[in-house]
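Following: one structure in structure tokens, then a few remarks.
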Amino acid sequence: MNIKETIKETYLEVLEQTGSELLVPELTDDVVLLESGLDSLGFAILVATLEEKLEFDPFTMMDEPLYPTTFGEFVSIYEKMNPNNQI
Amino acid sequence: MNSLKKVLSNIPLDRNALMTDTISLTYGDIQKVIEKNSEIIKQIKSSNVVINGRSRFEFAKLLFLLDGEVKSILFLPQDIDASLHDRYYEEAQINFEVYLENDIIKYNFINKIENTNSSNETIWIIPTSGTTNIPKLVAHTFNSLTRTAKSDTDIGKTFRWGLVFDIYRFSGIQVFLQAMLSGSALIISEANASMSEILNNLTLHHCNALSATPSFWRKVLMSKELNELDFTIITLGGEIADENILQALKVKFSHAKILHIYASTEAGVGFSVNDAHAGFPKHYLDNGINGVSLKLSSTSTLMIKNEKQAQKYLSGNSLYEDDGFIDTGDIVEIKGERVYFLGRDSGAINVGGNKVQPEEIEHVLLNSGYVHAAFVYPKKNPMMGNIVCADVVLYDETTDAKIAKTGILQYCREKLENFKVPGIIKFVAELETTQSGKLKRS
């Protein structure tokens, strides 16, 4: 499974875990994170759960910290910071 | 002695003062409200009054009317448990509950108690945020609260402060006073406003100065309204400001002055740090900073002493140690020339500004029917500061992990507020204990 699929799958798990509902028809790249169904606490749990699965937290690794607005930006931060990436 | 009313005399009356999404009042408008109430205020003069859960906008106007007139004002935010009201009324010897109707003061009789308070300065009684304890009442005055506030009204005219903290709390009242003292505009969002509504309100009124928790700022940086916003002054308070959020703000708002503030209801106005890095310079500990002395307790908590001790517990219990210092309960660590905050000595976990006591969560986990032993601890998180994690030992190790997790979380959600529900649950075979058999807390 690639990172994007892992993130989508984990997103849905956290949605269920927190008793939240998806507020958009589909998790596309332009979906605004905080309007997607998970609140900021939900995203905190998502980042922590992803850290368990992927064994890295990109937000603590960035030289210039950045907070994502859309789902696409969120995924690209994980893709970009993935230590397993072959350069 | 200064008061809010006296402040008004220094500010051009045509300046905007209080702005909501639908109403804007100038300082002159506030002056008129005061004049309209000049007779009726005499009826409650020198009494102890409570403002109980009124809107933030109404609260702000009431403060102008009451400060310097009544003996004390008890702030009761909407989220204070109603069952505590009588107890607080008694402790603060409240005579009247006050509110506004068409900008005229109305009051309900509460109790006729002889006033023992002989001061002629109005006492502002602010509840602490409380953890699992019942919030305590702390008495402040206009002067103690404005000790470090800037009062240059020429500079102030350029600022439009956003109020996103609760004005009934220490953090919110600081923002209110800073804005009013320097003749700035204050853009008020109400407690029930959504993030989008708050940000749209700030944009509408061209907010350029905002004080908020690190968690709020993270949400700002994740919002779709982000590019509509611009700030000259950014302050962070209420939680530990980590390097990530400070640097992210610096990147996004490169020309803004970024301050993180150390203050609390009990410790009062503390100090601020303006280099956009986490923690504070060690020389603050050695030399003090702006009338505040700092030192470490034997358990590495930060002790703070204001030159002028002003605030005190209303109950009469002492806030202070014998040497005048207050133990803040915040554990710090010195690394080189910098002092960093590690967390609370009570073990409380700060989740986006909300305090969580691990023992409470452990208790709920143990009652869930699945869990034989539980250990709850914080995990640092870039989105919320910390989240709640739990290591649990199941009664029956053969229970399907997914079923157990779903069952435990469902039970937690029924019993606990959202921010208290563990975000991560790990199933372990046993918990680490210390030699005395206690759970090992790092």
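Determine whether A:Phe74 is open to solvent by less than 30 Å² (accessible area, probe 1.4 Å), facing chain B (nearest Cβ under 7 Å) and out of contact with any Lys or Arg (no Cβ under 6 Å at 6 or more places or on another chain). The answer is no for A:Phe74.
The set of residues in region B:138-155 that are in contact with a helix residue (DSSP H, G or I) (Cβ under 8 Å, 6 or more places away or on another chain), of a type in the set (A, V, I, L, M, F, W, C) and open to solvent by 20 Å² or more (accessible area, probe 1.4 Å) contains only B:Ala149.
Going by what's in this entry, would B:Tyr370 be described as of a type in the set (Phe, Trp, Tyr), in contact with a Pro (Cβ under 8 Å, 6 or more places away or on another chain) and either within 14 Å of another protein chain (Cβ to nearest Cβ) or over 18 Å from B:Tyr262 (Cβ atoms) (or both)?
No; evaluated as a whole, the condition is false for this residue.
Against the numbered list (1) touching a residue at least 24 places away in the same chain (Cβ under 8 Å); (2) closer than 18 Å to A:Asn2 by Cβ; (3) not in a helix (DSSP H, G or I), A:Glu26 comes up short only at (1).
State all residues of region B:181-232 that are within 14 Å of another protein chain (Cβ to nearest Cβ), assigned to a strand (DSSP E or B) and either surrounded by fewer than 20 Cβ atoms within 10 Å (Cβ to Cβ) or in contact (Cβ under 8 Å) with a residue 60 or more places away in the chain (or both); if no residue qualifies, say none.
Selection gives nothing.
Taking region B:115-137 only, how many residues are modelled with pLDDT under 90 and open to solvent by less than 30 Å² (accessible area, probe 1.4 Å)? Show your work before the answer.
The first filter runs over region B:115-137 and keeps only residues modelled with pLDDT under 90, leaving B:115-121, B:128-136.
If we keep only those that are open to solvent by less than 30 Å² (accessible area, probe 1.4 Å) too, we end up with B:128, B:130, B:135.
So the answer is 3.
Does B:Ile30 qualify as being of a type in the set (Val, Ile, Thr) and under 30 Å from B:Ala82 (Cα atoms)? It is false that B:Ile30 is of a type in the set (Val, Ile, Thr) and under 30 Å from B:Ala82 (Cα atoms).
Which residues, taken from region B:366-392, are aliphatic (A, V, I, L, M) and crowded, with 16+ Cβ neighbours inside 10 Å? Spell out the reasoning first.
Going through region B:366-392, the residues aliphatic (A, V, I, L, M) turn out to be B:366, B:371, B:373-374, B:376, B:383-384, B:387-388, B:390, B:392.
Correct list: B:Val371, B:Ala373, B:Ala374, B:Val376, B:Met383, B:Met384, B:Ile387, B:Val388, B:Ala390, B:Val392.
Looking across region B:252-261 at every residue that is free of Cβ contacts under 8 Å to residues at least 40 places away in the same chain and open to solvent by 70 Å² or more (accessible area, probe 1.4 Å), the one that is nearest to the other protein chains (Cβ to nearest Cβ) is identified as B:Lys252.
From the list B:Glu69, B:Glu101, B:Glu97, B:Glu90, the lone residue that is charged (D, E, K, R) and without any contact (Cβ under 8 Å) to a residue 12 or more places away in the chain is B:Glu101.
Apart from one condition, B:His363 fits all of (1) open to solvent by 20 Å² or more (accessible area, probe 1.4 Å); (2) closer than 20 Å to B:Thr301 by Cβ; the exception is (2).
The values are calculated or read from the model by the stated rules, or taken from the named source; none is laboratory data. Not measured: the values here are computed from a predicted model. Positions of Cβ are generated from backbone atoms using ideal geometry, with glycine treated the same way; all protein chains shown enter the neighbour counts. All accessible areas refer to the heavy atoms of the entire protein, side chains included, with ligands and DNA or RNA removed. Shrake-Rupley method; radii C 1.70, N 1.55, O 1.52, S 1.80 Å.
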